[in-house]
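Asker: After the structure tokens below, expect a handful of questions from me.
The values are calculated or read from the model by the stated rules, or taken from the named source; none is laboratory data. All values reported here derive from a predicted model rather than from experimental measurement. In this analysis, Cβ positions are derived from the backbone assuming ideal geometry, glycine residues included, and neighbour counts consider all displayed protein chains. The accessibility values were calculated without ligands, DNA or RNA, using every heavy atom of the protein model including side chains. Shrake-Rupley method; radii C 1.70, N 1.55, O 1.52, S 1.80 Å.
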Amino acid sequence: MSSSGFGCKQPRRAAMTRTLITMLAFSWATTGCSIPLFEPVSGPVNECATTDDCADNGLCAMVGSNLACVSVGADLPGLMMEVRPAINSSAAGVSYLVDVAAAGLTLQGVMSSGQVRQFDPPPADLAWFTGSLRLPEGAPRCGVEAPPDGSFPARAILRRVDRIYGLPAEEYTASIQVEQDDQGAIAQYVFRTQLPRGVYDIYINPELPADCDGGPLPVFWPAQQVDSRTLNFEARTLERLKGRFTVPSTMSVDGWSLELVEPEHGDVISETLTLTQDAGANKAEFDLDFDWTAKDRFSPLLKLSPPEGQVKPTLHWDLSAIGILVSPEGLELSLVELNAPHRHVEGQVLDDEGKTVVAAVGIQSAEIAGDASSAARYSFEVETNESGVFAVDLPPGRYRVSARPVDQRYSFATKDIEFSSGEGCFCGQSIVVQEVTTINGQVSAPGGELVGAASVVAAPSTMTTQRYFDRVLTPQPLRPREAPAQLVGGSFSLKVEPGYFDFSVRPDGASGYPWLVRPRLFVPEGDISTAMDLGDLTVPYPAVLQGVVRDSSGEVLPAAIVRAWLPVGDAGGEDRPLGVIQIGETVSLGDGSYILSLPPSLSN
């Protein structure tokens, strides 16, 4: 909701920044700006007649069609603007990012006239991406007619990889199109979509007839530069992975699924094989076809999964690490080594007063005992009973056990355990969870008035985005939950788990004030005080960007979401960007115009 020159026009108020409490029984019909019936708008409003009406470091300037207090200085290096067209727009689904400095505007330093900057973000540099999947001669086609170029109908998923961590994921689907020659015969099958130019991981999935058995397999091509060139992916002859598992007498892999996946996103690049193991046998053989067209660019993972509904581990092996296990008869994998006689592991989730806590318990291996253990990892989840007790049977090794309580009054907790082979229960493994920490504070406007209407958000800080390979082969720390709240009488109270948070106060858009943003707020773990007081916080006067957003054809974009992002360093103080933090958001009007109020700098 925007007003007072900050997105939607309203009648000028006669006074400077002041507290306004009014009941609005109507709404503006302007595109992208509406106020629900009878919604209270309360708190100070940023407006002025002269600079004398502004507090220290503020200057009265024209913002849109109204006067408001703005900041004189700004320090927003690396500012990026995201434009996300409305869902009913012709450009829907294609958001784009603008490097503001690269587009000719730097928000740093002091401007004696105030930080109100005209900025029409350049339209997205879009490309019509066209690709085709071409099969080698003699490859099975499941009855699909072969055009002269050997192409096969397929769809493609493109995931952008040349982005700063923390920005919204960009994923596009290129749909099948059939191109015909002058006689109406099929000339080629292609997949096509419009998307921003950049570097993408491309996953190509053949469109197989319903009765097809043994057709072409999905192709993964990582880190491909995508523009308006046509990319023809020449699939290689399928690879073959043949071998067998040696299975201990205490288990069976009959009915388990075996497949190969690519390491970036975990997409399947093979046929899915259901294993069979005869009763009394200790071997389970496999013979698996897979595509490895981009053989010099990635190493697949072998994935062994239990039947759906069974609480059993899913195992992964890095194919590059187990190549030494290939014999003339194929790949030899011993589940006897990887699954040494299991020990019963039992534990209980408790709070710091010894009361039982119901929780979901995640278990991920760090190292499993056995000669080949460095190549395999697994993870799975169990739930405690009503007494907070969990029980699993695990092979000897090192594990990370995490508990996420159902009751959100408690935070998550993790514990590393290690045990050797032996008889008897490895019991008594208590995981103690603490109550969540309460973050309190009070928020004022620059003139000292309490801010009445604002959202307060503590979002988990953006850490390095990890590949599927890393997630399944390395124990992962739990991320805290996002904690939202609303100001009540100018004060807030947030319940948060331990970790790093990006904290923001987001005043009502009608106020004309920007967000107050504090990145990498650390909430420690352990037996600590359950309260953290941020004290008195002051929302600053804004640095303002205003202009018009357009699509790639030059047409204005009404009702587009316009967001601002800023790179931030890592929590340890290293001088390098680790991710980004959102510092503002608005919606463009019917004529494509927008007004984006930004904090002039990040809060410490």
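Asker: So which of 91, 55 is surrounded by 14 or more Cβ atoms within 10 Å (Cβ to Cβ), touching a Leu at 6+ places or on another chain (Cβ under 9 Å) and at pLDDT below 95?
Answerer: On the way: 55 fails: touching a Leu at 6+ places or on another chain (Cβ under 9 Å).
Answer to the check: 91.
Asker: Which ones in the range 295-323 are among the basic types (Lys, Arg) and assigned to a helix (DSSP H, G or I)? Even if it seems obvious, please write down each step before you answer.
Answerer: Let us first name the residues in the range 295-323 that are among the basic types (Lys, Arg), namely 295, 297, 303, 312.
Scanning the range 295-323 gives no hits.
Asker: Same structure, new question: Answer yes or no as to whether residue 403 is out of contact with any Pro (no Cβ under 6 Å at 6 or more places or on another chain), at negative phi, open to solvent by less than 60 Å² (accessible area, probe 1.4 Å) and modelled with pLDDT under 95. Working first, answer last.
Answerer: Working: out of contact with any Pro (no Cβ under 6 Å at 6 or more places or on another chain): yes; at negative phi: yes; open to solvent by less than 60 Å² (accessible area, probe 1.4 Å): yes; modelled with pLDDT under 95: yes.
For residue 403, the condition - out of contact with any Pro (no Cβ under 6 Å at 6 or more places or on another chain), at negative phi, open to solvent by less than 60 Å² (accessible area, probe 1.4 Å) and modelled with pLDDT under 95 - is met.
Asker: Shifting gears a bit: Which one of these does residue 243 not meet: (1) of a type outside the set (S, T, N, Q); (2) under 30 Å from residue 147 (Cβ atoms); (3) part of a strand (DSSP E or B)?
Answerer: It is condition (2) that residue 243 fails.
Asker: Go through (1) surrounded by fewer than 19 Cβ atoms within 10 Å (Cβ to Cβ); (2) in contact with a strand residue (DSSP E or B) (Cβ under 9 Å, 6 or more places away or on another chain); (3) at pLDDT 50 or above for residue 38 and report which single condition fails.
Answerer: Evaluating residue 38 over (1) surrounded by fewer than 19 Cβ atoms within 10 Å (Cβ to Cβ); (2) in contact with a strand residue (DSSP E or B) (Cβ under 9 Å, 6 or more places away or on another chain); (3) at pLDDT 50 or above leaves (3) as the failure.
Asker: Sticking with this one: At least 2 residues that are without any contact (Cβ under 8 Å) to a residue 60 or more places away in the chain, of a type outside the set (Lys, Arg) and open to solvent by 10 Å² or more (accessible area, probe 1.4 Å) in each: list the strands (runs of 3 or more DSSP E) lying fully within the range 456-563 that qualify.
Answerer: Working: elements: 483-486, 491-496, 499-507, 516-523, 531-538, 543-548.
Those strands (runs of 3 or more DSSP E) span 483-486, 491-496.
Asker: Answer yes or no: is there a residue in the range 125-132 that is in a loop (DSSP other than H, G, I, E, B), open to solvent by less than 20 Å² (accessible area, probe 1.4 Å) and not aliphatic (A, V, I, L, M). Please lay out each step first, then the result.
Answerer: Keep residues of the range 125-132 that are in a loop (DSSP other than H, G, I, E, B), which gives 125.
Applying the additional criterion that residues be open to solvent by less than 20 Å² (accessible area, probe 1.4 Å) yields none.
No, there is no match, as no residue in the range 125-132 is in a loop (DSSP other than H, G, I, E, B), open to solvent by less than 20 Å² (accessible area, probe 1.4 Å) and not aliphatic (A, V, I, L, M).
Asker: How many residues, within the range 393-414, are in contact with a helix residue (DSSP H, G or I) (Cβ under 9 Å, 6 or more places away or on another chain) and in a loop (DSSP other than H, G, I, E, B)? Reasoning before the result, please.
Answerer: Start the filter on the range 393-414 by keeping residues that are in contact with a helix residue (DSSP H, G or I) (Cβ under 9 Å, 6 or more places away or on another chain), which leaves 395, 397.
Within this subset, residues satisfying the condition of being in a loop (DSSP other than H, G, I, E, B) are 395.
The qualifying residues number 1.
Asker: So, one more: Right, residue 389: within 30 Å of residue 267 (Cα to Cα) and of a type in the set (A, V, I, L, M) or not? Break it down into steps so the answer makes sense when it comes.
Answerer: Working: within 30 Å of residue 267 (Cα to Cα): no; of a type in the set (A, V, I, L, M): yes.
It is false that residue 389 is within 30 Å of residue 267 (Cα to Cα) and of a type in the set (A, V, I, L, M).
Asker: Let me ask something else about it. Applying the selection to the range 49-106, what residues are touching a residue at least 40 places away in the same chain (Cβ under 8 Å) and on the phi > 0 side of the Ramachandran plot?
Answerer: 57, 64, 78, 93
Asker: Taking the range 272-292, which residues are within 28 Å of residue 157 (Cα to Cα), surrounded by fewer than 19 Cβ atoms within 10 Å (Cβ to Cβ) and not β-branched (Val, Ile, Thr)? So that I can check it myself, show each step before the final result.
Answerer: Of the residues in the range 272-292, the ones within 28 Å of residue 157 (Cα to Cα) are 272-274, 287-292.
Keeping just the survivors that are surrounded by fewer than 19 Cβ atoms within 10 Å (Cβ to Cβ) gives 272-274, 287, 289.
Answer for the range 272-292, where residues must be within 28 Å of residue 157 (Cα to Cα), surrounded by fewer than 19 Cβ atoms within 10 Å (Cβ to Cβ) and not β-branched (Val, Ile, Thr): 273, 287, 289.
Asker: Right, here's the next one. Which condition from (1) open to solvent by 50 Å² or more (accessible area, probe 1.4 Å); (2) at pLDDT below 95; (3) not aromatic (Phe, Trp, Tyr) is the one that residue 155 breaks?
Answerer: Condition not satisfied by residue 155: (2).
Asker: Can you name the residue in the range 161-173 that is assigned to a strand (DSSP E or B) and open to solvent by 60 Å² or more (accessible area, probe 1.4 Å) and is also farthest from residue 82 (Cα to Cα) among such residues? Spell out how you get there, then give the answer.
Answerer: Going through the range 161-173, the residues assigned to a strand (DSSP E or B) turn out to be 171-173.
Checking the rest, the ones that are also open to solvent by 60 Å² or more (accessible area, probe 1.4 Å) come to 171, 173.
Working: 171: 15, 173: 20 Å.
The selected residue is 173.
Asker: Return the only residue of 114, 150, 138 being over 29 Å from residue 466 (Cα atoms), without any contact (Cβ under 8 Å) to a residue 40 or more places away in the chain and open to solvent by less than 50 Å² (accessible area, probe 1.4 Å).
Answerer: Details: 114 fails: without any contact (Cβ under 8 Å) to a residue 40 or more places away in the chain; 138 fails: open to solvent by less than 50 Å² (accessible area, probe 1.4 Å).
Sole residue among the options that is over 29 Å from residue 466 (Cα atoms), without any contact (Cβ under 8 Å) to a residue 40 or more places away in the chain and open to solvent by less than 50 Å² (accessible area, probe 1.4 Å): 150.
Asker: Going residue by residue through the range 198-213, is there one that turns out to be closer than 20 Å to residue 228 by Cα, surrounded by fewer than 17 Cβ atoms within 10 Å (Cβ to Cβ) and out of contact with any helix residue (DSSP H, G or I) (no Cβ under 8 Å at 6 or more places or on another chain)?
Answerer: So in the range 198-213, the residues closer than 20 Å to residue 228 by Cα come out as 198-204.
In the following step, the residues that additionally are surrounded by fewer than 17 Cβ atoms within 10 Å (Cβ to Cβ) were identified as 199.
Cutting the leftovers down to out of contact with any helix residue (DSSP H, G or I) (no Cβ under 8 Å at 6 or more places or on another chain) gives us 199.
So far as the range 198-213 goes, yes, one or more of its residues are closer than 20 Å to residue 228 by Cα, surrounded by fewer than 17 Cβ atoms within 10 Å (Cβ to Cβ) and out of contact with any helix residue (DSSP H, G or I) (no Cβ under 8 Å at 6 or more places or on another chain).
A quick yes/no check of all residues on (1) surrounded by 20 or more Cβ atoms within 10 Å (Cβ to Cβ); (2) in contact with a strand residue (DSSP E or B) (Cβ under 7 Å, 6 or more places away or on another chain); (3) assigned to a strand (DSSP E or B):
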| site | (1), (2), (3) |
| --- | --- |
| 386 | no, no, no |
| 390 | yes, yes, yes |
| 416 | no, yes, yes |
| 448 | no, no, no |
